[in-house]
1. For a footprinting-style exposure proxy, rank ASP64, ASP192 by other Cβ within 10 Å, fewest first.
2. How high is the relative contact order of the chain, in percent, counting Cα pairs under 8 Å that sit 6 or more residues apart?
3. Can you work out the Karplus-derived ³J(HN,Hα) for every residue in region 70-84? Use 6.51 cos²θ - 1.76 cosθ + 1.60 with θ = phi - 60°, whole Hz, and x for glycine or proline.
4. Bins of 10 Å, beginning at zero and ending with the bin holding the largest distance: percent of Cα pairs per bin for region 89-149, please.
5. What number, rounded to the nearest 500 deg cm²/dmol, is the helix-based mean residue ellipticity at 222 nm of the chain, given -39500 (n - 2.57) per DSSP H run of at least four residues and division by all its residues?
6. Tell me, what ³J(HN,Hα) does each residue in region 38-44 have, in order and in whole Hz, if you take phi through Karplus 6.51 cos²θ - 1.76 cosθ + 1.60 with θ = phi - 60° and put x for Gly and Pro?
7. Roughly how many debye, to the nearest 20, is the charge dipole of region 5-261 about its Cα centre, given +1 on each Lys and Arg Cβ, -1 on each Asp and Glu Cβ, and no other charges?
8. In what order do THR24, THR142 fall by count of nearby beta-carbon atoms within 10 Å, going from fewest to most?
Amino acid sequence: MPKNQILTYVDAGASDWTACLMRTIGHQLNVGAYEIRAVIADDIRYDKGLFDEAALFVMPGGADLPYCALLNGQPNARIRRFVEEGGVYLGICAGAYYACREIAFHEGTRGAICDSRELVFVGAVAVGSLPELTGGKLYDGTPRTATAVRLNTTTKLTDKAMTLCSHYHGGCRFDFGNSIPAGTEVLATYADIEDAAPAIVSARVGEGRAVLSGVHLEISETELADALNGHTDGSEYLHLCKRLEAVNETRLAVFRNLLSHAGLALN
């Protein structure tokens with residue numbers, strides 16, 4: 001019997017965009033094929049049957065340090081075992097940082113976060129944020145450090161390479177050093193960073209897979225506009241919505257390809 005649960009982490013650190021991510025995933029699935037279930041750290045720690053029917057574990061954007069505080073140790077060991085035994089981990093933004101070998105967030109600054117991570121699904125250093133994409137501004141949680149970035153997909157993700165825009169807000173690039181480990185694939189790169197820096201990657205982990213994205217393909221121009229309405233200076237950034245609107249169908253198609261690559265059955 002196919003496993004039919006999608007577990008999405010919603011505990012401390014998960015951003016307000018998590019509901020958008022869950023909703024966008026849900027809209028792409030066959031009706032009744034999956035149950036999308038929100039989980040917290042205590043579920044991972046204490047619910048012995050949590051992963052029994054799980055096909056996918058989603059770690060959303062937000063903040064990586066609260067993830068570490070609640071999940072280091074036995075909870076992370078359970079997540080890793082789930083993937084090694086055939087499950088799939090989807091990490092978006094902070095969830096992507098969290099699943100790499102190391103994180104280098106704002107290295108060299110007063111607020112730097114540079115350390116190893118426990119899951120090690122991808123043998124890379126997650127480097128961010130990326131001021132070269134935001135006019136020199138480091139991520140600060142406000143719209144002024146968000147942008148619509150250009151991505152180049154590879155044929156590992158789409159039938160033919162293509163360029164599109166996606167929402168970016170503090171995410172990482174994946175630094176593999178001299179070589180990409182066996183079993184790891186680059187699915188998309190940042191078009192405006194030298195040397196085609198990886199933006200979305202996928203790696204085999206035992207019998208399962210980890211899919212990590214430094215960008216938010218799940219966010220549409222409508223959802224971004226709604227979020228900007230909550231900021232006094234939101235009108236200054238509506239041009240980002242127009243950039244996303246221009247490629248909306250392509251963006252959604254690429255996001256669907258990402259979910260298909262993660263093994264989900266789509267409508």
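Since every read-out is calculated from the coordinates, none of them should be taken as a lab result. If you're wondering where the values come from, they're calculated on a predicted model, not measured in any experiment. Backbone-built Cβ (ideal geometry, glycine too); neighbour counts: all protein chains shown.
1. On the way: ASP64 25, ASP192 14.
In order of increasing Cβ crowding within 10 Å: ASP192, ASP64.
2. Details: 564 pairs, mean separation 48.9, N = 267.
The normalised contact order for the chain reaches 18 percent.
3. 9, 10, 4, x, 4, x, 5, 4, 5, 4, 5, 4, 4, 6, 4
4. 22, 48, 28, 1
5. -7500 deg cm²/dmol
6. 7, 10, 10, 4, 5, 4, 5
7. Details: 22 positive and 32 negative charges, 65 e Å.
Dipole about the Cα centre, nearest 20: 320 debye.
8. Ranked by crowding around the Cβ, least crowded first: THR142, THR24.
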